[in-house]
Each structure stands twice: as C-alpha cells, then as structure tokens.
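Right, one structure below, let's go through it.
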C-alpha cells in the first residue's frame, strides 16, 4: 500500500494482530527496520535488517527489555534486501515500511525491486504474509499500479489489500465541514498541475492574513506577487531561540484583531466535570491531589525529554501519607502509567492514562492542587489554569517553551557534555543519553515540592 501516515507501524501491527487470529505469525522480518520501530510497536522480538549499523545499534538500545536475554546478533543484522542472509522459508511475515525507495534505483525502476521480491519469495514460508508501504513523496500512482498489478503477481504474491492514499485527499476529508473554511485548493508544484488556475483564483480573492507553514517558504514565494493581502506570517521560525512559541501566535492575533488585549474564555462542560469528579471519588477527597503528567513519546526524538518512568514512580513513593495522585497521559503513555501505579500500590493513585480527551484532561488538571510534568502540553494547560506547576526541562529551550505562569517552577539541572539546551542543534539528534534529564533525581525534586507546601502552610510534610 501507499500511504501518507506517520502511524504506519501501528497499522502494520493491526494487520499482524488480525492475521494472527487465524494463522500462526511467529517469525517476523522487518526490512529497513531503522531503530527497530516495528519491534517497539509490536512489543515482541522481530528480526531487523538494515544497511546502516548505527540505526541497528540505536534499535538495540531502545529494545533491551523486548529482547531481554536473547542474542542481539540474531535479531539485528546488517544486510541488503537483494541478497538476504537467511535460509529459505524462514519467516511468517516480512515487512518493509518506506524502505524500498532506498534501493539503488528507487521504486520507479523494476530491476532491483524484482531482485528484492525474489528474496521475499525465497525466505517467506508458503501461504504466509508480507506488508509493503511505499512512500508518498516519491511514488506516483502509475508506479504503484505497476507494482501492484505486474510485479507482485509475477513473483507469486496474492494481494489481500492494496490502497493508494493521497495526502491532500486525507487533509481535505479531515477539514471538510469546518464552517470557517471557504474553499480548499490543491496545487502540485512538481507538475504545475492547476498552477494557472491557482494563480487566477488567488488574484480574484482578497485576503486579510496569510498564515504560511514553515516549509512553504521555498515552494510558494513566487505566488505572493499575485496575492492581495496586507499581512503574511509564518507559523514558526525555529532559528529564533529567544522568542517564545506563544509570541508567534500572538503575532498572528495582532494582525487580525484591533484591540490591544484579547480575552479568551474556555468553559469546560458540566458533564465533563461531573465525570472526572466521579472518577476521582474513588480516592480520598480531603487530601491534596497531585497530578503527574509523564507525557512519554516514543516517536522521533522527543523521548529525550521524558524524565523516566522509574523517576516518576520513585517521586510518588517519596511523598508521605496524606497525598493522593492522578496519572494523566495519552494512549501512548498507558504502559508508563501502569508501571508507575504498579510500583506504588500502597499509595492512593488513580490512573487515567488513555482514558481522557483534551476537555477531560483540562477538567482533571483543574481539580489538582499541584501538577508535576515534563515539558509538554499538560504543563501548558496547568499554567493556563494557574495551577502550582513543577515542570521538568532538559534538552528543550526554557526560553522558547516554558509554561507562562507565575505559579510555574522550572526544574532544570545544568549538566551536559555538549551544550544546553541542545534543541535545534546537531547534538539533540546525536545524544543517546540525556544526562540533563537523568541527573535530576526524584530526591532533588521532592525537596522543591516540600518547600512549596511548607511555604503555603500546608503541613502535610510535618
């Protein structure tokens, strides 16, 4: 299939889970595995084949718990998909997500793809399965159709599902129905398809403000002479590290609102507040409620600003009797919060990870007496609600990202072998051990929190 989704491996997981209900799927090979992305989503050992040793080493580090006592040399293999170092009939499932374009000829040319498919046929057991995701940026529809209708059948593969998804179509489907949208226009800069029509349309319209996404600078600057608009603003300019992210959004408001001050009211529906109150009723209502927001993201580089599951669990354990806790996280942090709760069985802890939407999260934070979080969305919600907030910073910029509230205490330790903050530098990508986070101990944070309660005359630590 050809998709435009960052959630590909989760889709592959759903396929494997579905097939596993009726067919044994024991041995899985991930071609072009990178840092063992599929293994981390599946939470099970997968054979990882990649041409870049550094990516495989990163995968080993990130999957130590998954592979446990297994020999990593059996599962992390440097190799070429055109001549795989595996015996015939070795696998029940072979996957390649966004990796086939990295063969010498890309997806448009057939010779190398045919060699890869021959290897798939050789190493895949009879009647078993494969999944292939072609990248939308370099795959045209005719290439996809050739791959589906010619190459796969030629080498003995029966197709259970094949879909060609277009990023613009998905975006349009998402936005259709929004009352504030007058029209959605598509323009393919590679082929100049509809380019003249787009110029005419832009010339006939009058705009009050253009909000320009950052990558569009190089693509569409030539269009602006055709546009009647007094203001143009980029969404963000990451090179300016002295300017807070909120200021970029305020710049947009200044262009379209005459008043010097703008009041924004956000009301949480009563039913949402009642539902959250009922959930929290399972723990004592007379004790201070501490909100814990680990905000753990496994994807990309953002795991580096996660303080650590064990640290959050230890911090809760350091609190004396007289406190209750609520864990707030999205679906991606369910395992993290389950572990934190498990390690604090003697405490009053309610786990709402994956159980709340944004409105419900706002309601839960509003009911807390204090929030402890890392640099994340829930921290900014707590600041907006003027809650006492302790926010943990490491590799990201405090100047650019800190929650804007007088009730916010930034917890940060200046310990890094390179540069702090490293966000926006080459070191952010290179760092494999963010000591700026790991060196900040639960005991240090506990001292700061204890001081807060004593100064506010809440004698819970006495």
> Which whole-number percentage describes the relative contact order of the stretch 270-461, with Cα contacts under 8 Å and a sequence gap of 6 or more?
Replying inline: 22
> When the C-alpha atoms of the stretch 328-428 are aligned to their principal axes, what extent does each axis show, in angstrom, from largest down?
Replying inline: 39, 29, 24
>> Students often check this: by mean Cβ neighbours within 10 Å, which of 68-76, 141-149 ranks highest, and how do the rest follow?
In response: 141-149, 68-76
> Each label point is 7 Å from the Cα along the Cα-to-Cβ direction; what then is the distance between the points at residue 441 and residue 43, in nm?
Replying inline: 3.1
> How much length is gained on full extension from residue 433 to residue 158, taking 0.36 nm per residue of separation minus their Cα-Cα distance?
Replying inline: 94.5 nm
> How many Å³ per residue does the convex hull of the Cα positions in the stretch 270-461 occupy?
Replying inline: 115
> Where in the stretch 425-449 does the amide nitrogen come within less than 15 Å of the point 7 Å from the Cα of residue 455, taken along Cα to Cβ?
Replying inline: 445-449
> What length, rounded to one decimal in nm, is gained on full extension from residue 369 through to residue 78, with 0.36 nm per residue of separation minus their alpha-carbon distance?
Replying inline: 99.6 nm
> Given 0.36 nm per residue, what is the gain on full extension from residue 415 to residue 69 after removing their alpha carbon distance, in nm?
Replying inline: 121.3 nm
> Label residue 246 and residue 345 with points 7 Å out from Cα along Cα→Cβ: what is the distance between them in nm?
Replying inline: 4.3
>> I'd like the FRET efficiency for residue 404 and residue 302, computed as 1/(1 + (r/R0)^6) with the beta carbon distance as r and R0 of 30 Å, rounded to 0.05.
In response: 0.90
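Bear in mind that the values in this text are calculations on the coordinates, not laboratory data. A quick note: this is a predicted structure, and the numbers were derived from the prediction, not measured. Glycine also receives a Cβ, built like all others from the backbone with ideal geometry; neighbour counts cover every protein chain displayed.
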